[in-house]
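Participant: Dumping the structure here so I can ask a few things about it.
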Amino acid sequence: MQKHIAEIYFSQLRGKDICDNKGRTVGKVKDIVTLWTGGLPMITGILYSEEPDKLIPADIVQNWDGKQVILAESSEKINITQITHQQLFVGKWLLDNQVIDLKGYKIVRVNDILLSCDEQDGKQRLSIIAADIGIRGLLRRIGLEFLASRLDKKYISWQHITPLEKKTGSLKLKLDKDRFKKLHPVEIADLLEDMDYDSRNVFFKALGSEQAAEAIGKLKENTQVEIVTRMDKKQAAELLEDLHADEAANLLREMPKEKAAELLQLVKKDKAKELKWLLHYKSDTAGSLMTTEFISLPVTFTAGQAIEHLRRFAQDAEMIYYLYVTDVDEKLLGVFSLRELILADQEITLGALLHSKVITVQVNDSRKKVAEIIHKYGLLAVPVIDAEGFLHGVVTVDDVLDLFMVDRTLKASMSRYLNKRGLRRK
Amino acid sequence: MKTFRVFRDKIIVFLSIMGPGIVTAFADNDAGGIATYAAAGAKYGLALLFTMLLSTVCLAIAQEMSARTGAVTGKGLSDLIRERYGVKWTLFAMSILIIANIGTTASEFSGIATSFEIFGVSRYISVPLVAFAVWILVLKGSYNKIEKIFLMLCLTFASYAISGIIVGPSWKEVLIASVKPTFIWDAEFLLMAIGVIGTTVTPWGQFYVQAAVVDKGINASDYQYTRWDVLVGAFFTWLVAFFIIVATNATLYTNGIGIETAGDAAIALEPVAGKYASLLFAFGLLGASMLAAFILPLSTAYAVCEALGFEHAVSDSYREAPVFFGLYTMLVVVGAGIVLLPGISLYRIMLTSQVINGVLLPPILIFMMLIANDINLMGEYANSKLYNIVALIFTMVLIALTVLLLVSAFVPDIFNILLK
């Protein structure tokens with residue numbers, strides 16, 4: 001039978017005297033340790049002296065919430081334990097440190113820690129229930145909480161916290177992979193923005209390469225470059241494979257040439273070939289913005305064959321709503337939409353289905369011009385051709401979207417001077 | 001051809017990492033810096049050249065330590081203080097930073113007011129207007145575009161070097177004065193010495209250089225370049241100060257002209273610009289002051305918010321970031337407000353704020369040393385013993401000077417007593 005006794009803050013617990021069952025003082029609460037393994041984080045030991053690893057096991061505590069922490073045994077009988085690798089110092093590694101808030105998708109600093117004291121089998125047990133991230137927590141630490149007594153308390157429940165730190169010393173925290181699986185790439189990008197580069201690398205290792213790639217695609221180019229240059233080479237190559245071709249090429253274009261060449265050698269052959277091809281285009285032109293992962297269909301296909309083709313290749317294509325029709329030489333002949341294809345008679349040939357007047361841009365057209373055309377005609381994508389009319393790729397609207405958005409955020413204004421500059425998203 | 005490419009790529013790597021140290025060093029020569037060095041040269045001739053050399057060594061050590069800590073830990077100084085020493089010490093360090101930076105911001109606005117007064121514009125018009133412009137430009141994010149203009153204006157201070165060379169002082173004498181320990185036992189000199197140190201090595205500079213290193217994503221393996229960046233930056237700081245002192249010594253000290261207002265420091269530029277000396281000076285001062293007036297309040301508010309855990313509040317809208325926004329506004333308003341107090345001497349504000357910076361520096365230096373010595377954090381990059389000894393001696397000297405200064409405020413005769 002478990003009974004809730006009280007809630008206490010770590011700031012109130014720290015510094016309390018520890019007494020044995022005869023009332024003799026054993027030490028002071030210097031820090032407490034917890035097992036952070038996925039379940040409710042129970043407090044498992046107390047650091048009570050100057051010796052850095054020696055702990056009083058928490059299961060002999062009789063009473064946590066009084067003026068003193070009272071033990072159920074006499075001081076001679078205490079079985080002092082050592083800290084283990086799974087255990088984590090609450091005061092040293094959590095308090096005042098940054099943690100990941102999985103609910104708000106941001107990095108927050110822990111001002112205080114809320115502990116729950118429950119009674120089970122006549123003994124009190126302590127567990128972490130939330131991190132206090134509010135001003136009240138901050139003021140409590142300096143004994144001035146009354147100043148903010150009208151403010152709401154701001155907690156994040158332990159279920160939504162993941163410690164960010166990797167820390168040196170015996171303690172290496174593993175990030176809980178499953179908890180990140182559910183996050184949207186944009187939310188991950190939000191978190192990445194907040195992190196310093198060390199944490200970022202640890203975070204990437206915890207995410208799969210695919211999930212990492214999607215999130216990185218949402219970040220600004222110079223942040224991407226920064227992250228990738230600091231990655232393990234093999235990891236970086238994997239990431240390049242998972243990124244969309246246009247994004248990967250843009251990334252490589254911004255990197256020092258030697259580094260880019262080095263990474264390209266580690267990338268799978270056909271992807272590397274594609275990337276090298278894309279790298280020929282000048283930066284900020286239609287050629288550099290476009291993706292080569294689109295669907296182009298031979299004019300000789302029937303609608304039925306086209307659908308069959310789509311089933312096989314649509315998975316890897318960035319744009320499938322516009323379908324481009326080419327002749328045998330890859331010259332662009334026309335376009336039709338997915339809707340038109342689905343509604344069309346299975347036997348009709350694409351030559352009869354296509355619209356031959358296609359809005360296009362030239363390989364060397366500027367980013368601005370591409371954006372203007374996409375905007376003017378209300379397109380989701382625009383094909384990129386050269387002077388002879390050969391189809392090179394497709395620029396999708398999301399690649400030029402940022403030109404339409406006026407960036408007036410506070411972060412933008414601080415970009416040059418402050419931490420995490422250049423970490424604004426696209 | 002290939003060697004050229006390799007070389008070029010190396011240069012690119014170097015340039016991409018260069019910066020934080022040099023930028024901070026240039027920002028150190030702001031309005032307060034110019035005023036202090038000019039006053040030092042005008043009042044004591046070459047006597048403070050040695051102090052300048054010392055404080056340059058200190059600057060190099062302190063900046064190197066901050067930059068190294070940033071590169072190894074990937075964290076800002078305020079974060080580390082918070083994580084290592086908890087809320088109380090963080091509040092203490094942040095209070096120091098805020099007080100020092102209010103002083104420095106006021107000194108930047110004094111610089112702005114002074115340069116506008118040279119153009120004949122009253123400070124009661126120029127300061128509120130510029131303060132508002134700074135405030136709104138930063139929040140609108142259009143500051144980056146005009147930054148280069150101010151940087152160009154700063155280059156006019158190169159004219160001190162030309163002036164220093166034109167007046168042709170006895171270089172032998174100058175060089176001797178640069179390395180020969182000189183100390184005059186009176187409170188005024190002491191004040192000036194602390195001011196010179198305080199304007200060269202600032203609490204603000206330490207936070208800034210570390211944050212900038214972290215921002216650039218410089219890590220331990222790139223650090224060798226950053227070390228050079230910091231050293232080159234410190235050298236430039238010294239060079240500018242050196243020439244200002246040499247020029248003011250030759251033009252003002254030798255002719256017995258004291259400096260009453262910052263504008264008087266322009267006289268030292270007459271060998272270069274003749275009757276246009278004041279204009280030249282005003283442009284330079286304006287550039288330097290504006291640069292710092294933009295950066296200071298913003299970076300202060302950011303450091304404080306990050307340390308106290310309001311970083312999540314620095315979001316996309318000002319309404320969601322009341323602490324950050326409030327702090328930033330407060331710094332601009334108070335900094336500018338001080339300058340508008342009736343009857344206050346602009347020049348005094350500049351000098352005093354540098355002394356305040358000097359007095360507040362030791363606690364920050366101590367935090368930096370503790371952190372840079374933390375093996376858990378720094379691993380093999382922790383401070384070496386020799387390094388610690390030099391840094392410690394310097395900190396002690398600075399504390400001793402500060403204590404002496406405080407005592408002299410209450411016991412004016414302290415120097416006579418000590419000398420006996």
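The values are calculated or read from the model by the stated rules, or taken from the named source; none is laboratory data. Predicted model, so just to flag it, every value in this text is computed and none were measured. Cβ placement follows ideal geometry from the backbone for every residue including glycine, while neighbour counts extend to all protein chains displayed. Side chains are part of the model used for accessible areas, which takes the heavy atoms of the whole protein and leaves out ligands, DNA and RNA. Shrake-Rupley method; radii C 1.70, N 1.55, O 1.52, S 1.80 Å.
Participant: What's the number of the only condition in (1) out of contact with any Gly (no Cβ under 9 Å at 6 or more places or on another chain); (2) free of Cβ contacts under 8 Å to residues at least 24 places away in the same chain; (3) away from every other protein chain (no Cβ under 14 Å) that A:L115 fails to meet?
Facilitator: (2)
Participant: For region A:394-410, how many residues meet the condition of being modelled with pLDDT of 80 or more and either under 16 Å from A:S366 (Cβ atoms) or assigned by TED's automatic domain parsing to the domain that holds A:H244 (or both)?
Facilitator: The total comes to 3.
Participant: In region A:44-88, which residues are open to solvent by 30 Å² or more (accessible area, probe 1.4 Å), in contact (Cβ under 8 Å) with a residue 40 or more places away in the chain and farther than 18 Å from A:I8 by Cα?
Facilitator: A:A72, A:E73, A:S75, A:I83, A:H85, A:Q86
Participant: Let me ask something additional. For region A:126-139, check the following and say yes or no: at least one residue is in contact with a helix residue (DSSP H, G or I) (Cβ under 6 Å, 6 or more places away or on another chain), open to solvent by 30 Å² or more (accessible area, probe 1.4 Å), without any contact (Cβ under 8 Å) to a residue 12 or more places away in the chain and within 14 Å of another protein chain (Cβ to nearest Cβ).
Facilitator: There is at least one residue in region A:126-139 that is in contact with a helix residue (DSSP H, G or I) (Cβ under 6 Å, 6 or more places away or on another chain), open to solvent by 30 Å² or more (accessible area, probe 1.4 Å), without any contact (Cβ under 8 Å) to a residue 12 or more places away in the chain and within 14 Å of another protein chain (Cβ to nearest Cβ).
Participant: Give me a count of the residues in region A:72-97 that are part of a strand (DSSP E or B) and modelled with pLDDT of 80 or more.
Facilitator: 4
Participant: Next up: Could you tell me whether any residue of region A:262-269 is touching an Asp or Glu at 6+ places or on another chain (Cβ under 8 Å), of a type in the set (A, V, I, L, M, F, W, C), over 22 Å from A:T396 (Cα atoms) and outside the structural domain of A:I107 (by TED's automatic domain parsing)?
Facilitator: yes
Participant: Mind checking which residues of region B:375-387 are in contact (Cβ under 8 Å) with a residue 40 or more places away in the chain and either facing chain A (nearest Cβ under 10 Å) or under 14 Å from B:A62 (Cα atoms) (or both)?
Facilitator: B:L377, B:M378, B:G379, B:N383, B:Y387, listed by residue number.
Participant: Can you tell me which residue within region B:336-368, out of those that are open to solvent by less than 20 Å² (accessible area, probe 1.4 Å) and over 24 Å from B:Y37 (Cα atoms), is nearest to the other protein chains (Cβ to nearest Cβ)?
Facilitator: B:F367
For every residue, the table says whether it meets (1) more than 10 Å from chain A (Cβ to nearest Cβ); (2) touching a residue at least 12 places away in the same chain (Cβ under 8 Å); (3) at positive phi; (4) open to solvent by less than 10 Å² (accessible area, probe 1.4 Å).
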site: B:M65; (1), (2), (3), (4): yes, yes, no, yes
site: B:R68; (1), (2), (3), (4): yes, yes, no, no
site: B:R82; (1), (2), (3), (4): no, yes, no, yes
site: B:A93; (1), (2), (3), (4): yes, yes, no, yes
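Participant: Next up: Which residue pairs have Cβ atoms under 6 Å apart, sit 6 or more places apart or on different chains, and have a first residue in region A:311-332 that is closer than 15 Å to A:M290 by Cα and a second that is open to solvent by 50 Å² or more (accessible area, probe 1.4 Å)?
Facilitator: Close Cβ pairs (under 6 Å, with a partner that is open to solvent by 50 Å² or more (accessible area, probe 1.4 Å)) amount to A:E318/A:H244.
Here is a yes/no grid of residues against (1) within 23 Å of B:G120 (Cβ to Cβ); (2) at pLDDT below 85:
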position: B:I267; (1), (2): yes, yes
position: B:G287; (1), (2): yes, yes
position: B:V314; (1), (2): no, yes
position: B:S317; (1), (2): no, yes
position: B:L327; (1), (2): no, no
position: B:L341; (1), (2): yes, no
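Participant: Now a separate question. Of all the residues that make up region A:1-29, how many are in contact with a Leu (Cβ under 7 Å, 6 or more places away or on another chain), surrounded by fewer than 19 Cβ atoms within 10 Å (Cβ to Cβ) and either of a type in the set (D, E, K, R) or closer than 24 Å to A:K153 by Cβ (or both)?
Facilitator: Qualifying residue count, region A:1-29: 3.
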